[in-house]
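The values are calculated or read from the model by the stated rules, or taken from the named source; none is laboratory data. Computed from a predicted model, the values in this text were never measured in an experiment. Virtual Cβ from ideal backbone geometry, glycine too; neighbours counted across all protein chains shown. Accessible surface areas use protein heavy atoms only, side chains included; no ligands, DNA or RNA. Shrake-Rupley method; radii C 1.70, N 1.55, O 1.52, S 1.80 Å.
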Amino acid sequence: MLRIENLTGGYGRIIAVRDVSLTVGAGELVAVIGRNGAGKSTLLKTISGVQPSYGGSVRLGGQELTRLDPAARVRAGLAHVPEGRQLFGALSVEDNLRLGAHHRSVAEADADIEQQFDMFPVLRERRRSQAGALSGGQQQMLALGRALMAAPRVLMLDEPSMGLAPQLVAQILRIIRTLKERGTTILLVEQNARAALAIADRAYVLETGRVALEGPASDVLQNPRIKDLYLGY
Ligand code: ATP
């Protein structure tokens, strides 16, 4: 579904992602783990086009996206929930959701918004509240719902557990697993390696911008070096 080949990107002369190749198959949940500053967020930004790529390619379902701007990549089926959620705090929950579907018809958005409310009942209750007034967990649900309103073929999530209390982390991870069970294709970036590996099919470990290891999530979880470096036992 999503095929990244030799992708390189960064900020001016700083190279933060080097020669990264990865794939996400239809219906798969693939995790990218790595330390703070390993390049995980830059990788997602380079895939979604908000940061320029210096080399390599991004293909989605056979379509070449590498030269498209971020909006065109969304229309092609790539949705990105950025780190920090980036909601419109002064707008209502419902308006934030509708913005996710700005390139689709009103009828499509009307139908999908009910689906999001079924998935996240708390958002239905608070549909007229300002997004900025929601709790951290609710804001993460809204960010997920807004991305799903684009009817993406691939959903990219940047650290959805960041800043949440453990109970809420568990809830968000359950939601991500449910999305996968419903057939959503997901690329999940997480610093919380243990949590990500527990729900992923496959994983890539990023170290200073490069893929240091890849494989089935259960193998990565058992890898002695990974246990040592990322799992703390
Ligand atoms: P985190 O979990 O902290 O977001 P990360 O693995 O996502 O970490 P990135 O944010 O992608 O890592 O950062 C990769 C490298 O790029 C780091 O060395 C970082 O300092 C650098 N970097 C990130 N954003 C910028 C920026 N806007 N300008 C310059 N350098 C940046």
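Across all directions, the average flat footprint of the convex hull enclosing the Cα atoms of the stretch 25-82 is 4.5 nm².
Sequence-ordered 3J(HN,Hα) estimates for the stretch 91-97 from the Karplus curve with 6.51, -1.76 and 1.60 and θ = phi - 60° stand at 8, 6, 4, 4, 5, 4, 4 Hz, glycine and proline given as x.
What does the charge count near A31 come to, summing +1 for each Lys or Arg and -1 for each Asp or Glu among other residues with Cβ under 13 Å from its Cβ? Neighbourhood net charge equals -2.
Each DSSP beta bridge with both residues in the chain is either parallel or antiparallel, and the antiparallel ones are about 55%.
Remark: spin-label model distance N223-R177 equals 2.3 nm, labels positioned 7 Å along the Cα→Cβ axis. By the rule of a C-alpha distance below 15 Å, with chain neighbours fewer than 8 residues away ignored, the aspartates and glutamates paired with K180 are E28, D201. First select every other residue whose beta carbon is under 15 angstrom from the beta carbon of A16; then total the charges, Lys and Arg +1, Asp and Glu -1. Cβ neighbours under 15 Å give a net charge of +2. Heavy atoms of the protein chains alone define the surface here; on that basis the chain has 45 Å² accessible area per residue at 1.4 Å probe size.
The local environment of R104, defined by Cβ-Cβ distances under 12 Å, has a net charge of -1 under the rule Lys, Arg +1 and Asp, Glu -1.
Taking a ≥ b ≥ c as the square roots of the eigenvalues of the Cα gyration tensor, an a/c ratio of 1.5 or more together with a/b larger than b/c marks the stretch 1-143 as prolate.
Which whole-number value in Å³ per residue fits the convex hull of the alpha carbons of the stretch 121-233?
124 Å³
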